[in-house]
Every structure is written in structure tokens, then in C-alpha cells.
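Worksheet for the structure shown next.
The values are calculated or read from the model by the stated rules, or taken from the named source; none is laboratory data. What you are looking at is a predicted structure, and each value in this text was computed from that prediction instead of being measured. Reconstructed Cβ throughout: ideal geometry from the backbone, glycine too, with neighbour counts over all protein chains shown.
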Amino acid sequence: MMGEYGKPGNTFSIRIEPDEDGFVGKECPNPDCRGYFKAVPGTGIADTPNCHCPYCGHTAPNDQFFTKEQIEYAQSVVVRGIMGDLQKRLKKLEFVQKPSHGFGIGVSLQVKTGSLPPIHYYREKRLETEVVCDSCTLRYSVYGVFAFCRDCGCHNSLQVLNKNLELVDKMLEVAADMETDMAKRLIENALEDCVSAFDGFGREICRIHAKQATDPPKAERVSFQNLDGARRQVNELFGFDIAVDETADEWEAAVRSFQKRHLLAHKMGVADQEYVKRTGDRTIVKGQRIVVTADEVRSIARLLAILAEDLMRQLSMTNGENAP
């Protein structure tokens, strides 16, 4: 409900309506970000006083996250209401006083009213990715893939990785019922998806913790397509070993799978001397095409899920956060 227009000290409550999917837009007040996102009221944490930007993590009171369009809309509603109320009040002051007994001067007041200022209506923007937070169940929508939860501040990087690894498992199930050539291609695609998903996760989790690194700009550029290289860089930048809980055999198997993915992406799957040297794979020689099995992909997917949880926990501890 709105307060009565024209009375000093009154405040006005303007309802911001959700879009057709139930989302309400927000805009980060951080001048270096200004990221636009949306959330569904009633999901997540009830009556949380603060909001977290999904993109930069900036935290501020909820009333600082209105979008420019929402503010213009609210201002136009208030201005139109005040002008309309003012015109009504002035109309009530109209009068006509005729001269007494037909002599003298008559006095009158008439108010000419004009059209009221227009209301600046708007539509919420369409975004790319809808997320349901694993921690607080907030439904929110963002550009891109990775994001902080608006309500609880949890980052969704591990959630996104696990969803991708679930899709990999489904791809392998489909491959089991396909002819040999198609099955082989789908299994190879599943391996590439595994590596790409983990690389995206690793890059993002290092980026959001980059301030705790010995070299923040370098931390924002860490690549996880080469596991040995990523292991060295994380150790150098954050001071811990990402493979501390894995056996030597598990780590070698993971490195070999990542190298196979490199060959699939850049060498049509044909082994070169670099592959043989880096992996020590005695089942293949230079010039042969590598073989990727469904069991191998399942194994690497399980290991990557463990590595991801360890990496997130270690980085959270480095950042002084509570480990999940």
C-alpha cells in the first residue's frame, strides 16, 4: 500500500512484480560489476537482510540491488501519484464568487489540469542459466554458468561440476546400447566432457579465491587441462597439494586420461611421443590411436569428483572459511 501523497515524512511501498517465470531482477551496486541477475521470491532464506552478487560476490543490503529500470519505474509511479493527488487537491480549491447585487468585482479560482507524467514500465531480461542452490534452495538465474547464491553466498562451481559428471554417466549408459563405432565416439566425447567440466570448475574456484594466492593475477589464469601443471601451480600459488589424498596409481591414471583427451581434441586421437613420455603408457606406441573405455571414463569421473571436493575444501581453508 502507498502512503498518502503530499504529507511530509511519508514513505511509499511500490510493488516490483515478478516476471512470467516468477523471477525478480536485481543489479549489483558494485560499480566494477553492475551484474544483472534474477531470483524467485519465497525460495532460499526467508527475510535475509543482505544480498550477494552472483558474479563478483559483493555483499550489501537488499535495498541496494534494485535495477535502474525498477528505480525509474518506482519514481515514475510516485511522481504520477503526487501530481495526480496535487491536481485533485487544487481542484477542491476552485470557487466562483460573483459580485454582490450585480455590482463590484467577482472573484474566481479555476485550475486547469494537464496530462499526468507517464509511468516507465519495464520487462525483466532473459538470462542463460537457472540454478537451484544446493545449500538454501534459492531459485536464481544468471548470465554464464558459475555464480554465488544471492541468499546464502555459496558458490555453485562444485554443483555445476557434479551435474556435468552425472551427464557423463548418462552418456556412458547410452553408449552401452549402441553399435561399436557410435559407442566409441560417445565414450570419447564423455571423456572430453569430463576434462572440460573439471577444467572449468578448477579455473573458477581458483579465480574466486585468487586474492589468497601468492600471485592473484596468475591464480586467475590457472588451467586444469594439464593435471601435472595444475598441481604445480596450485601448490605454488596456494601452498597445498591437490593430489595429497590420491594414490600414485590413481594420479597416473588421471594424468593419462587427461592426456588422452588432449590427443582427441588436437591429434585426432593419435598418440605422439609427448603422450608416451608424459604418461608412460606401455600399451601404445607413437602413431597408434588411443583406446578409451567406458570403465576408464567412469573411474576418472569418480576421481575428479573427489579432487574437486578436496580442492574446494583446501581453498576454503586457505581463505579462512569453514570447510564444507
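Scanning the stretch 31-48 for residues that are over 21 Å from ALA74 (Cα atoms) and either among the aromatic types (Phe, Trp, Tyr) or in contact (Cβ under 8 Å) with a residue 12 or more places away in the chain (or both) yields ASP32, CYS33, THR43, GLY44, ILE45, THR48. In a residue-by-residue description of the stretch 160-176, the property of being touching a residue at least 12 places away in the same chain (Cβ under 8 Å), surrounded by 19 or more Cβ atoms within 10 Å (Cβ to Cβ) and within 24 Å of THR48 (Cα to Cα) applies to no position. Taking the conditions (1) assigned to a loop (DSSP other than H, G, I, E, B); (2) within 23 Å of LYS277 (Cα to Cα) in turn, ASP228 satisfies each one other than (1).
Counting only residues that are of a type in the set (Ser, Thr, Tyr) and more than 16 Å from VAL297 (Cβ to Cβ), the stretch 239-262 holds 1 of them.
Across the stretch 283-297, the qualifying residues are those that are of a type in the set (D, E, K, R) and surrounded by fewer than 16 Cβ atoms within 10 Å (Cβ to Cβ), and the one among them that is nearest to LEU165 (Cα to Cα) is ASP295.
Identify, from the list GLY57, GLY84, GLY114, GLY42, the residue that is over 28 Å from CYS152 (Cα atoms), in a loop (DSSP other than H, G, I, E, B) and either out of contact with any Asp or Glu (no Cβ under 9 Å at 6 or more places or on another chain) or polar (S, T, N, Q) (or both). Selected residue: GLY114, the only one of GLY57, GLY84, GLY114, GLY42 that is over 28 Å from CYS152 (Cα atoms), in a loop (DSSP other than H, G, I, E, B) and either out of contact with any Asp or Glu (no Cβ under 9 Å at 6 or more places or on another chain) or polar (S, T, N, Q) (or both). Contact annotation: residue pairs with Cβ atoms under 6 Å, 6 or more positions apart or on different chains, pairing a residue in the stretch 225-241 that is in the same structural domain as MET312 (by TED's automatic domain parsing) with a partner that is in a helix (DSSP H, G or I) and of a type in the set (D, E, K, R), are GLN225/ASP199. As a summary of the residue check, SER108 satisfies the conditions (1) out of contact with any Asp or Glu (no Cβ under 7 Å at 6 or more places or on another chain); (2) touching a residue at least 24 places away in the same chain (Cβ under 8 Å); (3) not assigned by TED's automatic domain parsing to the domain that holds CYS28; (4) not in a helix (DSSP H, G or I) except for the one numbered (2). Scan the stretch 6-42 for residues that are modelled with pLDDT under 90 and surrounded by 12 or more Cβ atoms within 10 Å (Cβ to Cβ) and the total you get is 3.
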